[in-house]
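No value in this document is a laboratory result; all are computed from the given coordinates. Fair warning: this is a prediction, and the values are worked out from it, not measured in the lab. Reconstructed Cβ throughout: ideal geometry from the backbone, glycine too, with neighbour counts over all protein chains shown.
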Amino acid sequence: MAQPALFTPLTIRNNELRNRIVIAPMCQYSAVDGCMTDWHVIHLGHLALSGAAMLTIEATAVVPEGRITYADTGLYDDATERAMAKVLESVRRWSDMPVALQLAHAGRKASTEVPWKGGKQIAPGEANGWQTVSASDAPFMHSDVPPIALDRDGMKRVRQGFADAAKRAARLGIDALQVHGAHGYLLHQFLSPLSNKRTDDYGGSLENRLRFPMEVFETVREAFPADKSVSIRVSGTDWVEGGWDIGQTVEFARALEARGCDAIHVSSGGLSPAQKIPLGPGYQVPLARAVKQAVKMPVVTVGLITDFIQAEEIIATGDADLIALARGMLYDPRWPWHAAAALGATVKAPDQYLRCEPANAKGLFG
């Protein structure tokens, strides 16, 4: 039997991936003052035993005010670096899965309550709240306190935050970085004409709206070791008429590839409450397909990919190079094992678990 496409290896710069399944970054809202906790040891530790090819740590703020909530993970000072080092030490003791880190700034979507407490914005001056910033002063929700439009000094501070976080990540031995340019957060706020109302060199035309996100990407690429990969996550569309769309995403992807981007993870939405998302199995795959047709770098797709045959077909037909799983992996942390068993492939499992290999899938843990 031919090797299933989903379980063929792939090399992205320094990372030799055993298969085409990667774990997407998933915010846990369980940090204290930006510092990871024992929850992250549990959460990341069990995902690192899943048989996927790479584990991506959740959106990690590069400055305190860049956190989505007061309980978000950060990497902006010695305390947050030490906390992450402690978690990584525990995870790596039992897993050799490559670990990537998503660097982020929430912009106008910062200063909110954790999701299970409603997720609404917390106003400046209230406990756990602060003043947000963005490309312009337009709020995400009409009821939100408007953000402050970043001036040149503010943009410089953000770029420096990304650079400093990238250097800390290098010290921690992180295998790859992902710049968060999706889901309505700061870089996406610069990209979309719905949120970027600037009249200077960073607003208006597509070239201008790309400028700051490109500067941030180049800053991270320069600060992170040249032999390690740097990718980006983007929203392929705002799902709102007149907003960011797949055509602009393709142009962004081409510009990123020309500047050394190693891979692009295509998601969608998050920029506007007016979005109308056509939810359904693999609903974002066409966005990934459009980007893949325009670039040579690997393209990652994500979103309601739950079926093993569905995932295999996405890779086999060339719609994307990798499948990212998020909520599906939380629900079934052994999804890669089960996919390998269903498709007749092999997957890596820890020695402590080898004796659980099913009788009807001998050789699964090859």
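Taking all Cα-Cα distances within segment 31-94, those exceeding 15 Å account for 48%. Measuring nothing but how far apart in sequence close Cα pairs (under 8 Å, 6+ apart) lie, relative to its length, the chain scores a relative contact order of 16 percent. Reported to the nearest whole Å, the Cα centre-to-centre distance from segment 332-366 to segment 1-48 is 17. Shape descriptor for segment 288-366: Rg over Rh equals 1.04 (Cα atoms; Rh from the Kirkwood inverse mean 1/r).
Looking at segment 332-366, which trypsin sites (Lys or Arg not before Pro) are DSSP coil and have at most 13 other C-beta atoms within 10 Å of their C-beta?
Lys362
Take every DSSP beta bridge whose two residues both sit in the chain, then give the antiparallel share in percent to the nearest 5. Just about 15 percent of them are antiparallel. GNM on the chain, alpha-carbon springs under 10 angstrom: the most fluctuating residue among Leu325, Leu304, Leu47 is Leu304. So which of Lys86/Lys120; Lys156/Lys296; Lys109/Lys197; Lys228/Lys292; Lys86/Lys167 end up more than 26 Å apart by C-alpha? In this structure, Lys86/Lys120; Lys156/Lys296 exceed 26 Å between Cα atoms. Count Lys and Arg as plus one, Asp and Glu as minus one, and take only other residues whose Cβ is under 12 Å from that of Gln131; the net charge is then -3. Across segment 172-181, coupling constants 3J(HN,Hα) worked out from phi with the 6.51/-1.76/1.60 Karplus curve, θ = phi - 60°, read 7, x, 4, 7, 7, 10, 10, 7, 8, x Hz, and Gly and Pro carry x. The phi torsions of segment 23-32, fed into the Karplus equation with coefficients 6.51, -1.76 and 1.60 and a -60° offset, translate into couplings of 8, 6, x, 9, 4, 10, 6, 9, 8, 10 Hz, rounded to whole numbers, with Gly and Pro shown as x. The angle between the Cα long axis of helix 206-223 and the main principal axis of the chain comes to about 60°, on a 0 to 90 degree scale. Summing +1 for each Lys or Arg and -1 for each Asp or Glu among the other residues whose beta-carbon sits under 13 angstrom from that of Val295 gives +1.
Relative to the longest principal axis of the Cα atoms of the chain, the long axis of helix 152-171 lies at roughly 20 degrees. Here the mean projected area of the convex hull built on the C-alpha positions of segment 203-259 is 4.1 nm².
Each part gets one Cα centre, and for segment 71-95 versus segment 194-241 those centres are 27 Å apart. Annotation: amide H-H contacts under 5 Å for Cys27 (H modelled 1.01 Å from N, sequence separation of 5 or more, or interchain): Ala59. With n ≥ 4 as the cut-off for DSSP H runs, can you work out [θ] at 222 nm for the chain, using -39500 (n - 2.57) per run divided by the number of residues, rounded to the nearest 500? The helix contribution divided over the chain gives -9500 deg cm²/dmol. Calculated on the alpha-carbon coordinates, the convex hull of segment 182-335 measures out at 124 cubic angstrom per residue.
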